[in-house]
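> Here it is, the structure in full.
Every number here is computed from the coordinates shown, using simple stated rules; none is lab data. From a predicted model like this one, the values you see are computed outputs, not experimental measurements. Note: ideal-geometry Cβ built from the backbone for every residue, glycine included; neighbour counts use all protein chains shown.
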Amino acid sequence: MTYCVALRLDRGLVFAADTRTSAGTANVAQYRKLYYWRQPGERVIVLLCAGNLSVTQSVVSLLNEQLVQEPLKGQSTLFTVASLYRAARLVGDAVREVRRVDGSALEDTNSGFNATFILGGQIGAEAPRLFMIYPEGNFIEATDDTPFFQIGEHKYGKPILDRVAQPSMRLGEAAKMVLLSFDSTLRSNLSVGLPIDLLIYERDSLDVRREKRIEQADEYFRKLSGAWSDALRTAFAKMEEFKV
């Protein structure tokens, strides 16, 4: 399984994804689930993937093939679409194409056709946007009321996002919150694991300048995890006990 989260903020976008993939307790592997495409000064497009690894890799491969093949008349690619909405439609079309080829075979198994994506970025002067794309290829867009999306094993990391996430947050502040969301998930779900790929996109930069892989021994993540545990214990101890 996996856990991915992305936020749309006034100052830009924050993306994060774990790298653990498991097919039973004896078959655990590490795969990247955060991808991005960029043309500096023109566009940055980021994709997070969760679900059946063969499906998500096929979708990414189709998107990459479109970039290197001679395009058919009227065919768009991630480097030619005029908006993030059109990019989301392009990813949705790729999902439907993989379903057309592999869907029947997968539906005959226990795993089924299972793949969900988060797409975000900025193209030209358009404001940064964020979309969640479903296995059917349709999608929804993040708003000020709901500035974040999660896919995969999201339930353990959702409470802090619900309580803290605001579009006005600083990017570094949002990245801290995202990592705390991952810390809660890692403690409660063995199917999610380090390393974590983190990408921070600054609005109107039209380039990727801040990305990092958070490894097991990452000093900041370890300090953050310990400080969060201490803060929770302190807050709990200060609360009035229940009395009948």
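> Across the Cα atoms of the range 175-233, what radius of gyration and what greatest pairwise Cα-Cα distance (Dmax) are found, in Å?
13.1, 42
> Exactly which trypsin sites (Lys or Arg not before Pro) in the range 66-107 are in a DSSP loop and have at most 14 other Cβ atoms within 10 Å? Numbers along the way, then the final one.
Values: sites: Lys73, Arg86, Arg89, Arg96, Arg99, Arg100; in loops: Lys73.
Answer in residue order: Lys73.
> Another question, if that's okay. Report, in debye and to the nearest 20, how large the dipole of the chain comes out about its Cα centre when Lys and Arg carry +1 and Asp and Glu carry -1 on their Cβ.
Around 360 debye, computed over the chain.
> While we're looking at this one, here's another question. Nothing charged except the Cβ atoms of Lys and Arg (+1) and of Asp and Glu (-1): what's the magnitude of the dipole of the range 68-203 about its Cα centre? Round to the nearest 20 debye.
Approximately 200 debye in magnitude.
> Scaled to the compact-protein estimate 2.2 N^0.38 Å, what is the alpha-carbon radius of gyration of the range 131-244, rounded to two decimal places?
Values: Rg = 16.5 Å, N = 114, 2.2 N^0.38 = 13.3 Å.
The reported ratio for this selection is 1.24.
> Which residue, chosen from Val164, Ala16, Ala29, occupies the Cα position most advanced towards the positive end of the dipole of the chain, where the dipole is computed from +1 (Lys, Arg) and -1 (Asp, Glu) charges on Cβ about the Cα centre?
Selected residue: Val164.
> Loop-only check: which trypsin sites (Lys or Arg not before Pro) in the range 180-244 are DSSP coil with at most 16 other Cβ within 10 angstrom?
Counting only loop positions with at most 16 other Cβ atoms within 10 Å, the trypsin sites (Lys or Arg not before Pro) in the range 180-244 are Arg203, Arg209, Lys243.
> State the three equivalent ellipsoid semi-axes of the range 135-190, derived from the C-alpha gyration tensor as the square roots of 5 times its eigenvalues, in descending order and whole Å.
19, 18, 8
> On a 32 Å Cα-Cα criterion, which of the cross-link pairs Lys176/Lys243; Lys33/Lys223; Lys155/Lys238; Lys158/Lys238; Lys212/Lys238 come out too long?
Violating the 32 Å Cα-Cα cut-off are Lys176/Lys243; Lys212/Lys238.
> Could you work out the mean projected area of the convex hull around the alpha carbons of the range 1-146, in square nanometres to one decimal?
Numbers: hull surface 39.0 nm².
Computed as one quarter of the Cα hull surface, the answer is 9.7 nm².
> If you take every residue apart from Leu78 with its C-beta less than 13 Å away from the C-beta of Leu78, what net charge results, scoring Lys and Arg +1 and Asp and Glu -1?
Neighbour charge sum, excluding Leu78 itself: +1.
> Could you point to the residue in Gln69, Cys49, Leu180 farthest towards the positive end of the range 3-217's charge dipole, with +1 and -1 charges on the Cβ of Lys/Arg and Asp/Glu respectively?
Result: Leu180, furthest along the dipole toward the positive end.
> How are the Cα pair distances of the range 70-164 distributed, in percent, across 10 Å bins from 0?
14, 37, 32, 15, 2
> Follow-up. How large is the translational diffusion coefficient of the chain in µm² per second when you combine the Kirkwood radius over alpha carbon pairs with Stokes-Einstein at 4 °C and 1.567 mPa s? Walk me through the intermediate numbers first.
Working: Rh = 18.9 Å.
It comes out at roughly 69 µm²/s.
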